[in-house]
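The structure under discussion appears below in the form of structure tokens.
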Amino acid sequence: MPLKANLEFMNEQSPPINPVGRILTASLIGTTIEFFDFYIYATAAVLVFPKLFFPTADATSSTLQSLATFALAFFARPLGAAIFGHFGDRKGRKATLVAALMTMGPSTVAIGLLPGYNSIGIAAPILLALFRFGQGLGLGGEWGGAVLLATENAPAHKKAWYGMFPQLGAPIGFLLSTGIFFTLSKVLSDADFLSYGWRIPFIASAVLVWLGLFVRLKITETPEFLKVINTKTRVKVPVVEVFSRNTKAISLGTLATVTTFLLFYLMTVFTLSWGTNTLHYSKANFLIMQMISMLFFAIGIPLSAYIADLQGHNKMLLIATIAIIFFGLAFAPLFTTGSLVITATFLSLGMFLMGLTYGPIGTALAEIFPPSVRYTGASLAFTLAGILGASLTPYLATMLATKYGLPYVGYFLALTAIITLFALLGARPLMKSSAK
């Protein structure tokens, strides 16, 4: 279709280029696949990799080494954001989204085919780290493009509602990954699970990648990017433009997102490790509790998006962050009882708060950057927050809990949320101006 014809979409009387259902499906399915791939690694990093790739006499040391490779992907994410963001802002959202999907998918399948330490020695953890880096690289470019695909096709009064569809990929991907691991743990013996069972979700992800590729190849470019082309406002090096002319947006956007990452990986990776290794919950019981908590996560996302469209992204994020501060102070009392009911309530409350902060954050980050650098800016803010708020979180939380006690994990969360609170207050003028 000629560019001029595509640009007619900008007229409010013209029908949309992409049908709404196709837009939302393409944005949702991609992030579901990407987060599924990411979470099966997180689960395996706790349950499998310490024994298979980092065998030592000390179980704690093996777990910490495994969690270090988990952190590696978060350092790859900003590189992926810069690379894919460059092409997303220069060449278009659609092609870049396809490329990001095809970077992460093969990396995940390769992990499922990787021999263990006893077979190939030190090469096993090295290759594991390499493929984990590939996962992070792909996800660094995936998230921002999916959010832009949704928000740049959204009506002005439904930006947050459209923008929450990519966010729903997180709880759906987690439920799929945890559900598979739970099923495998029930139908296979521990020996069979450790031998080959854990590989099944990694290899099976190839089917999901093909499905996501099929859907994304059917979408067309977003009207916002077509407008950038038409007005000749593309920049040569978007990453330089972000840090030179959008310094306040990238700084505050990153700090405003830190708590989102910290809370999520405390409530998933850290609690799974601490709950099964220290509180001695069975693997199956804890995975069930986490799956229940994901339902509350999924409820919080559309609820917060709906409120954000009515009251503003910043106000919704401020409310969620204040609630997280109080939750951090109650972290230890709720997570040390040994009661299944109280622990399930603790996990569900934490993930509901996660949904409240996660629902509008994608739209908020996209709105504070101009369209010419929006892919790069939003992706970098999100991924840099991942380094600060998630990369070392399971490791640091384990160290804090082991050395000083579980309450210090909650203090860690509350302190980070206070930093986010001030960042959101500082970003209010940016978010207000973006709504004009």
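Can you say whether residue 211 is closer than 25 Å to residue 298 by Cβ and modelled with pLDDT under 85, as far as the supplied structure shows? Yes: the conditions hold for residue 211.
Evaluated against (1) in contact (Cβ under 8 Å) with a residue 60 or more places away in the chain; (2) farther than 17 Å from residue 74 by Cβ; (3) part of a helix (DSSP H, G or I), residue 429 falls short on exactly one condition, (1). Take residue 215 and tell me if it is closer than 16 Å to residue 379 by Cα and part of a helix (DSSP H, G or I). Spelling it out, it is not the case that residue 215 is closer than 16 Å to residue 379 by Cα and part of a helix (DSSP H, G or I).
Give 217, 208 a once-over and let me know the one that is in contact (Cβ under 8 Å) with a residue 12 or more places away in the chain and either within 19 Å of residue 269 (Cα to Cα) or over 19 Å from the mean Cα position of the chain (by Cα) (or both). I'd like the intermediate steps shown before the answer.
Details: 208 fails: either within 19 Å of residue 269 (Cα to Cα) or over 19 Å from the mean Cα position of the chain (by Cα) (or both).
Going through 217, 208 in turn, the sole match is 217.
Taking residues in the stretch 306-334 that are more than 12 Å from residue 356 (Cα to Cα) and at pLDDT below 95, and partners anywhere that are surrounded by 21 or more Cβ atoms within 10 Å (Cβ to Cβ) and of a type in the set (D, E, K, R), the pairs with Cβ atoms closer than 7 Å and at least 6 places apart or on different chains are 309/159. What do you reckon, is residue 139 within 23 Å of residue 205 (Cβ to Cβ) and in contact (Cβ under 8 Å) with a residue 40 or more places away in the chain? Taking the combined requirement at face value, the residue satisfies it. Between 347, 400, the distinction of being part of a helix (DSSP H, G or I), buried (at least 18 other Cβ atoms within 10 Å of the Cβ) and free of Cβ contacts under 8 Å to residues at least 24 places away in the same chain belongs to 400 only.
Tell me whether the stretch 364-385 contains one or more residues that are within 30 Å of residue 91 (Cα to Cα), within 17 Å of the chain's Cα centre (by Cα) and surrounded by fewer than 24 Cβ atoms within 10 Å (Cβ to Cβ). So that I can check it myself, show each step before the final result.
So in the stretch 364-385, the residues within 30 Å of residue 91 (Cα to Cα) come out as 364-385.
From what is left, the residues that are within 17 Å of the chain's Cα centre (by Cα) are 364-366, 375-385.
So of that shortlist, the ones also surrounded by fewer than 24 Cβ atoms within 10 Å (Cβ to Cβ) come out as 384.
Yes, some residue in the stretch 364-385 is within 30 Å of residue 91 (Cα to Cα), within 17 Å of the chain's Cα centre (by Cα) and surrounded by fewer than 24 Cβ atoms within 10 Å (Cβ to Cβ).
Of all residues in the stretch 177-203, those satisfying the criterion of being surrounded by fewer than 17 Cβ atoms within 10 Å (Cβ to Cβ) and under 23 Å from the mean Cα position of the chain (by Cα) are 179, 203. Based on this model, can you work out whether residue 196 counts as over 30 Å from residue 20 (Cα atoms), at pLDDT 85 or above and among the aromatic types (Phe, Trp, Tyr)? Taking the combined requirement at face value, the residue satisfies it. Taken over the stretch 115-143, residues that are buried (at least 21 other Cβ atoms within 10 Å of the Cβ) and either in contact with a Lys or Arg (Cβ under 8 Å, 6 or more places away or on another chain) or over 27 Å from residue 28 (Cα atoms) (or both) amount to 6.
Return the total of residues in the stretch 320-346 being among the polar types (S, T, N, Q) and touching a Gly at 6+ places or on another chain (Cβ under 8 Å).
Residues in the stretch 320-346 being among the polar types (S, T, N, Q) and touching a Gly at 6+ places or on another chain (Cβ under 8 Å): 1 in total.
The values are calculated or read from the model by the stated rules, or taken from the named source; none is laboratory data. Please read all numbers here as calculations on a predicted model, not as lab measurements. Positions of Cβ are backbone-derived with ideal geometry, glycine not excepted, and every protein chain shown enters the neighbour counts.
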